[in-house]
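Single-structure report; data block below.
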Amino acid sequence: MNLRRDVFQAIADPTRRAILLLLATQAMTAGAIASNFDTARPTVSKHLQILTECELLEQKQNGREIYYHLNAKNMKAIADFIEPFRQMWDDRFNKLEDVMKKYKSKK
């Protein structure tokens, strides 16, 4: 059975989220990425494979090395999904702030 993964399954794993954070600022090789984790390199390679299959990462070959970097276009899909929830929490915190200001002024 071959199940198609999506970006939300990919980011569900904390190691994959950590990999995305590592690659947020620079492209890295699999070995450089793996050196940041206390797991076997094949485990990190599997995470990279999943992130690549979900098109959150892209690979670019430079000589003998393959560099991984973020695919910002597909990261935007995650941000677009999360945005309404962020707005909801912002509204709630703003209302709480208003209540706290009123409470503080009564004292």
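The values are calculated or read from the model by the stated rules, or taken from the named source; none is laboratory data. These numbers come from a predicted model, not from an experiment. Note that each Cβ is placed from the backbone with ideal geometry, even for glycine, and that neighbours are counted across all protein chains shown. Accessible surface is based on the protein model in full, side chains and every heavy atom, while ligands, DNA and RNA are left aside. Shrake-Rupley method; radii C 1.70, N 1.55, O 1.52, S 1.80 Å.
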**OP:** Report whether or not GLU53 is out of contact with any Cys (no Cβ under 6 Å at 6 or more places or on another chain), of a type outside the set (S, T, N, Q) and closer than 19 Å to ARG16 by Cβ.
**Re:** yes
**OP:** Within the range 42-65, count every residue that is β-branched (Val, Ile, Thr), touching a helix residue (DSSP H, G or I) at 6+ places or on another chain (Cβ under 7 Å) and under 15 Å from MET28 (Cβ atoms).
**Re:** 1
Original post:
Pairs under 7 Å by beta carbon, first residue at pLDDT below 90 in the range 58-83, partner open to solvent by less than 90 Å² (accessible area, probe 1.4 Å) and of a type outside the set (Lys, Arg), six or more apart or different chains?
Top reply: ASN74/VAL7; ASN74/LEU56; MET75/LEU56; ALA77/VAL7; ILE78/VAL7; ILE78/ILE11
**OP:** Being among the hydroxyl-bearing types (Ser, Thr, Tyr) and loosely packed, with under 15 Cβ neighbours inside 10 Å is the filter here, so list the residues in the range 50-87 that pass it.
**Re:** none
Original post:
Can you find even one residue in the range 12-35 that is in contact (Cβ under 8 Å) with a residue 12 or more places away in the chain, basic (Lys, Arg) and within 18 Å of HIS69 (Cα to Cα)?
Top reply: yes
